[in-house]
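I have placed the structure first, in the form of structure tokens, so that the comments after it can refer back to it.
The values are calculated or read from the model by the stated rules, or taken from the named source; none is laboratory data. Quick caveat: nothing in here was measured; it's all calculated off a predicted structure. All Cβ positions, even for glycine, are placed from backbone atoms using ideal geometry, and neighbour counts span all protein chains on display.
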């Protein structure tokens, strides 16, 4: 009943916005389940079957060389891919945070430790403006919010999104009001609050926050609000495609053989797959097989569980893990993730909190990259999949780090080796020289 | 006497290293005071007058268009400027963190609040791999350390440098042992420790840490150690020139009219001036006047004090400010900073801790950039200099943000606007909707 209510509300609210909306190559929303098409508007569920809506495009046809050159000559951020995104042509000139084109780090030291011989890369999205991949999805949602005339940006968040929305709203000239579980890491709370918008702690889990936001959308209290990951979700999600675009461009316009992606709602993984398929369809990369692997924390592993059990549906869980940015117990795109992992010959795996911390330290020690717990999950899962013979170490492999270790400091209890007086005697006594 | 000891030790240690050292266009070290030249080696003080040594170059002469194109076609990091830096030609292929080419953000919202009409930009170095400008200087020091055969990287640090050295050492295959004051911010301590090197807390101020490191260099305990900001300092310092190069390139190969730079040791400001002058000499930018402004925290403002008092020397102070990354009470390059500020028609100013926090919030609220306290210092000083009629708001102005707010969370006591149960009633009662 609630789903039906949301869907019909969503259909109503599309009407005033479907005319004169310029979102570049985006021409409609289409239902992922039944294929029904709707005009571009702030809607997210199909009015017929309640399936999730996603953006349908008329993508540039024909000359792939010209498109590649256009991209390469574009700005050094996600807007170089504007011809493939639901954004207006002049997007690069509007006030936004210009995320993307983060480093694809060739990780030879880590490869040696893990026994990878086919080339190992870390796509390090901690280089984004608020230091997580969320800047990508929010940047797209901001353009949709402009197009639909919203004045307040909102979201439910496990932390990274809150900071990304707060920052993007500040720069783009929106008000913001974001909702987080009340018990998040200090770094994420301060970062969400510092941009001057409203920040509301919700007494409950992320799933409680999410449910609350869905209610708020149907209520007059939320009128004029663009919830980036609810009523702007179809646009927002498309931002994750840019990870796929960048990885391929940075590999020299080549598909990776294997890619390891963290799973929270599962949206990112599905959009990476969508992005890879688009590049093939556009002739920008050669068509060859690739495998997508999903990574979860054991304390919130409903998709991994379903994958191992051979199920098509995902049974919700109550999260209990240090990887709070992945702590979504009821992942909306779980079934699609299962489908993609199986179709591409990938897998979904999970690691314990202890393995997450070990993996954070491993990545830091080998490559000088300080990852968030979510990065510990992907690196830890990569290690496990290699050890289990599931991931092929002779193939080109890309591991995503979607966030920054500075936001999850408590997870790694790292401190000084020694604390001493400023004297050579004290230093000698500490026994650190010449080791 | 101590200075003499250091200098003669430095001369001794140069000898084995002066042959076969390939540091690109760098041909010698020259004394900033007396001009005496020395071979390239791990030395930092003139054997004749004890003045600081800096790198002397044979820079590419002649065709400035060809050089500009070579830079523009180079990698998207500081190595695009390798022809102007003391690094070997193949530097971009070596394992390092590849910092630089951070965003130059056009800050129109902030400009409106400050009344700047001539174009205001924030050079946002929080986008570097470990989220501070220190990645630039360390990257150069790593190449010098390789050239001189060091196996351990070390430094004295107010925090940002510790993380940058730890990360760079991990990736480049060095051991590391870094020294920090024992009372640093948690974010900086964890970040310095996570890369797996040794981290030593020193019971004292940064100046105590620095003195201790100078002693350690002269002692067998420190043998084989490259202290990036002591015996590798001449090379290290050159990394800051890349800030000047990038700003000009990002402005379309044009000098800014005014630039506001934080002062810790003062090295960064002097090297930015050096970089700007080089671009003029090479014909890469048109020669026109520019003004350099220095920014300090009131609680550690020895250079600002000397500037206002009309002195040429800087009287050391005991720091007491939340801007810990600038808390150097005895800034080595203070006199040179005074000279540059006066020569270019700039100034040196300071702001209180309260003004620093206000400025952090101002920058976050207007541009979505969460700066470290050092960024609060530069933005706060910019505001003050405009209000005082010292900085001309009709001119193109660049303000440096050299670090990341996530590392100085305690400085901004930002938190949720409200914490509520997940219900519409509770949200209505909080009074946040429709504001």
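Exactly one condition in (1) surrounded by fewer than 24 Cβ atoms within 10 Å (Cβ to Cβ); (2) free of Cβ contacts under 8 Å to residues at least 60 places away in the same chain; (3) touching a helix residue (DSSP H, G or I) at 6+ places or on another chain (Cβ under 8 Å); (4) farther than 29 Å from residue A:190 by Cα is not met by residue A:427; state its number.
(1)
For residue B:215, state whether it is in a helix (DSSP H, G or I), touching a helix residue (DSSP H, G or I) at 6+ places or on another chain (Cβ under 8 Å), surrounded by fewer than 24 Cβ atoms within 10 Å (Cβ to Cβ) and within 9 Å of another protein chain (Cβ to nearest Cβ).
Values: in a helix (DSSP H, G or I): yes; touching a helix residue (DSSP H, G or I) at 6+ places or on another chain (Cβ under 8 Å): yes; surrounded by fewer than 24 Cβ atoms within 10 Å (Cβ to Cβ): yes; within 9 Å of another protein chain (Cβ to nearest Cβ): yes.
Judged against the criteria, residue B:215 is a match.
Look through A:104, A:53, A:6 and report the one residue that is buried (at least 16 other Cβ atoms within 10 Å of the Cβ), in contact with a strand residue (DSSP E or B) (Cβ under 8 Å, 6 or more places away or on another chain) and at pLDDT below 95. I'd like the intermediate steps shown before the answer.
On the way: A:104 fails: at pLDDT below 95; A:53 fails: at pLDDT below 95.
On inspection, the qualifying residue turns out to be A:6.
Within region B:218-232, can you find the residues that are under 20 Å from the mean Cα position of the chain (by Cα) and either assigned to a loop (DSSP other than H, G, I, E, B) or under 21 Å from residue B:324 (Cβ atoms) (or both)? Walk me through how you get there before you give the answer.
If we filter region B:218-232 for residues that are under 20 Å from the mean Cα position of the chain (by Cα), which is where we start, we get B:226-232.
Hits for region B:218-232 are B:227, B:228, B:229, B:230, B:231, B:232.
Of the numbered conditions (1) in contact with a strand residue (DSSP E or B) (Cβ under 8 Å, 6 or more places away or on another chain); (2) farther than 25 Å from residue A:167 by Cα; (3) touching a residue at least 12 places away in the same chain (Cβ under 8 Å), residue A:111 satisfies every one except a single condition; which is it?
So residue A:111 meets the others, but not (3).
Do you know which residues across region B:360-374 are assigned to a helix (DSSP H, G or I) and within 12 Å of another protein chain (Cβ to nearest Cβ)? Steps first, please.
Here is the first cut: in region B:360-374, the ones assigned to a helix (DSSP H, G or I) are B:360-367, B:373-374.
Selection gives B:360, B:361, B:362, B:363, B:364, B:365, B:366, B:367.
Residue B:61: closer than 28 Å to residue B:283 by Cα and touching a helix residue (DSSP H, G or I) at 6+ places or on another chain (Cβ under 9 Å), yes or no? Can you show your working first?
Values: closer than 28 Å to residue B:283 by Cα: yes; touching a helix residue (DSSP H, G or I) at 6+ places or on another chain (Cβ under 9 Å): no.
Taking the combined requirement at face value, the residue does not satisfy it.
Looking only at region A:409-422, how many residues end up being buried (at least 16 other Cβ atoms within 10 Å of the Cβ) and more than 7 Å from chain B (Cβ to nearest Cβ)?
Matching residues across region A:409-422 total 1.
Within region A:157-173, does at least one residue satisfy the condition of being at the interface with another protein chain (Cβ under 8 Å from one of its Cβ atoms), at pLDDT 95 or above and not in a helix (DSSP H, G or I)?
Checked against the condition, which is being at the interface with another protein chain (Cβ under 8 Å from one of its Cβ atoms), at pLDDT 95 or above and not in a helix (DSSP H, G or I), region A:157-173 yields at least one hit.
In the list A:338, A:282, A:326, which residue meets the criterion of being farther than 22 Å from residue A:107 by Cα and surrounded by fewer than 20 Cβ atoms within 10 Å (Cβ to Cβ)?
Working: A:338 fails: surrounded by fewer than 20 Cβ atoms within 10 Å (Cβ to Cβ); A:326 fails: surrounded by fewer than 20 Cβ atoms within 10 Å (Cβ to Cβ).
Result of the check over A:338, A:282, A:326: A:282.
Within region B:118-156, count every residue that is assigned to a strand (DSSP E or B) and either closer than 23 Å to residue A:405 by Cβ or over 13 Å from the mean Cα position of the chain (by Cα) (or both).
Keep residues of region B:118-156 that are assigned to a strand (DSSP E or B), which gives B:120-124, B:152-156.
Going one step further and asking which of them are either closer than 23 Å to residue A:405 by Cβ or over 13 Å from the mean Cα position of the chain (by Cα) (or both), we end up with B:120-122, B:124, B:152-156.
Final tally of qualifying residues: 9.
Please find, among A:377, A:357, the residue that is touching a helix residue (DSSP H, G or I) at 6+ places or on another chain (Cβ under 7 Å), in a helix (DSSP H, G or I) and within 14 Å of chain B (Cβ to nearest Cβ). Quick ask: steps written out before the conclusion?
Details: A:377 fails: within 14 Å of chain B (Cβ to nearest Cβ).
It is A:357.
Tell me which residues, restricted to region A:387-408, are within 21 Å of residue B:196 (Cβ to Cβ) and either surrounded by fewer than 24 Cβ atoms within 10 Å (Cβ to Cβ) or away from chain B (no Cβ under 14 Å) (or both).
First, pick out the residues of region A:387-408 that are within 21 Å of residue B:196 (Cβ to Cβ): A:399, A:401, A:403-408.
Matches in region A:387-408: A:399 only.
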